[in-house]
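What follows is one structure encoded as structure tokens, with my remarks underneath.
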Ligand SMILES: Nc1ncnc2c1ncn2[C@@H]1O[C@H](COP(=O)(O)OP(=O)(O)O)[C@@H](O)[C@H]1O
Ligand SMILES: [Mg+2]
């Protein structure tokens, strides 16, 4: 199975939201990481054939998705960024309704719905109204909805927005268990959401992939640039103003700073392993677009 995008471009007036992107995706989990406005949603909508590209093509197993039409859409599961949830529906009724919209036969739909409710951990809540659900429960229901047709390609737009830390862990496990032999693409602006589950990361900015690779590969670009130093408070204040500081921890009277910098920031600073978050900080701060202390972009 292969999904290939070829010089895909989407232009809105003078704004180029997706700028000649090319990539070949085989089964695995792909993370699309980028700030608001980077073009993640537009790219996903193009891949889902919800929007048409200005130029360029998406191929599924070497067939143009516009020609594949229904056949392609049947292989696709999509969780839009702003998903409507029908607050008065119960989880169970909602999934049955979505299954009907997708043309899934009634008997199959019932079995599938119950199976998915179990998978996403909502079986016990199946008869509760969606309006009583937490953000995390709604997201999990949204993922279940996207999986109703056993999609080979699952596209989740900001699926972890509004989840608490516990729900994030559940979500990661859910994606990992589901992703075998499938292409999963998920977008986020939060580094830690994809650091552990994505096999491949596309860092997106202004409609382009500015970095891509495995977490190890792309963090390798800043090997030797990440430092930890233990300083007093006054020094810390100065350094915070001057450097990309990713993390600040108090240690007794002192402060431990995690700094991303090409040069050693201060005598006594010790080099440490870069993380994806450090990479982010490095590239987005250097260009003067981000506040160095913000962990998400
Ligand atoms: N329908 C639209 N009309 C005009 N501009 C749009 C439209 N949709 C998105 N854009 C613009 O395209 C860029 C990318 O948006 P989007 O794909 O939503 O990014 P992201 O999902 O990464 O936040 C933004 O500058 C946005 O304002
Ligand atoms: Mg978006």
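Taken together, the values in this text are just the output of simple stated rules run on the coordinates, not laboratory data. Note that the structure is a prediction, hence the values are computed from the model and not measured. Note that each Cβ is placed from the backbone with ideal geometry, even for glycine, and that neighbours are counted across all protein chains shown.
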Apply 1/(1 + (r/R0)^6) to the Cβ-Cβ distance of residue 173 and residue 12, taking R0 = 35 Å, and write down the FRET efficiency to the nearest 0.05. 0.40
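Any number yet on Rg/Rh for the chain, C-alpha, Kirkwood? Please report the intermediate quantities before stating the final value.
Details: Rg = 21.5 Å, Rh = 20.8 Å.
The Rg/Rh ratio comes out at 1.03.
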At R0 = 25 Å, FRET efficiency that the Cβ-Cβ distance of residue 196 and residue 108 yields, to 0.05: 0.15
State whether the stretch 76-196 is rounded, prolate or oblate according to the following rule on the C-alpha gyration tensor (a ≥ b ≥ c being the square roots of its eigenvalues): a/c under 1.5 gives rounded; otherwise a/b larger than b/c gives prolate, and the remaining case gives oblate. oblate
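Would the stretch 15-156 count as rounded, prolate or oblate if I go by the C-alpha gyration tensor, calling it rounded below 1.5 in a/c and otherwise prolate when a/b exceeds b/c, oblate otherwise?
On the way: a/c = 2.34, a/b = 1.63, b/c = 1.44.
Prolate is the answer for the stretch 15-156, as a/c is 1.5 or above and a/b outweighs b/c.
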How many nm is it between the label spots at residue 206 and residue 233, if each spot is 7 Å from the Cα in line with the beta carbon? 4.2 nm
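Could you line up 272, 188 from fewest to most neighbouring Cβ atoms inside 10 Å?
Working: 272 14, 188 22.
Ranking 272, 188 by Cβ neighbours within 10 Å, fewest first, gives 272, 188.
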How much mean residue ellipticity at 222 nm does the chain get from its helices, if each DSSP H run of length 4 or more adds -39500 (n - 2.57) and you divide by all residues, to the nearest 500 deg cm²/dmol? -9500 deg cm²/dmol
Measuring from the longest principal axis of the C-alpha atoms of the chain, the long axis of helix 233-242 (C-alpha) lies at a number of degrees, nearest 10, equal to 60 degrees
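When a/c is below 1.5 the answer is rounded, else prolate if a/b is larger than b/c, else oblate, so apply that to the stretch 102-145 with a ≥ b ≥ c taken from the square roots of the Cα gyration tensor eigenvalues.
Values: a/c = 2.00, a/b = 1.86, b/c = 1.08.
Prolate.
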Who wins for biggest fluctuation among 283, 86, 97 in a Gaussian network model of the chain, springs between alpha carbons below 10 Å? 86
Arranged by the count of other C-beta atoms within 10 angstrom, fewest first, what order do 1, 147, 44 take? 1, 147, 44
Placing one equal point scatterer on each C-alpha of the stretch 25-88 and summing with Debye, one gets log10 I(q)/I(0) at q = 0.25 Å⁻¹ equal to -1.29
Helix axis angle, 276-286 relative to the chain longest principal axis, alpha carbon, degrees: 70 degrees
Once the stretch 136-222 is represented by equal point scatterers at the alpha-carbon sites, with solvent omitted, what log10 I(q)/I(0) does the Debye formula produce at q = 0.11, 0.14, 0.18 Å⁻¹? -0.32, -0.51, -0.83
For the chain, what is the relative contact order in percent, using Cα pairs closer than 8 Å and at least 6 residues apart in sequence? 20 percent
FRET efficiency for residue 50 and residue 267 from the Cβ-Cβ distance with R0 = 45 Å, rounded to 0.05, comes out at 0.20
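Contour minus end-to-end for residue 93 and residue 217, with contour as 0.36 nm per residue of separation and end-to-end as the Cα-Cα distance? Please report the intermediate quantities before stating the final value.
Details: separation 124, 0.36 × 124 = 44.64 nm, distance 4.46 nm.
Stretched fully, the residue 93-residue 217 segment lengthens by 40.2 nm.
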Return one number: the angle in degrees, 0 to 90 and rounded to the nearest 10, between the long axis of the Cα atoms of helix 135-146 and the longest principal axis of the Cα atoms of the chain. 50 degrees
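Based on the alpha-carbon gyration tensor of the stretch 156-297, what equivalent-ellipsoid semi-axes (square roots of 5 times the eigenvalues) come out, in whole Å, largest first?
30, 17, 14
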Per the rule of 0.36 nm per residue minus the C-alpha distance, extending residue 86 to residue 123 adds in nm 11.5 nm
So how do 169, 29 line up by other beta-carbon neighbours within 10 Å, fewest first? 169, 29
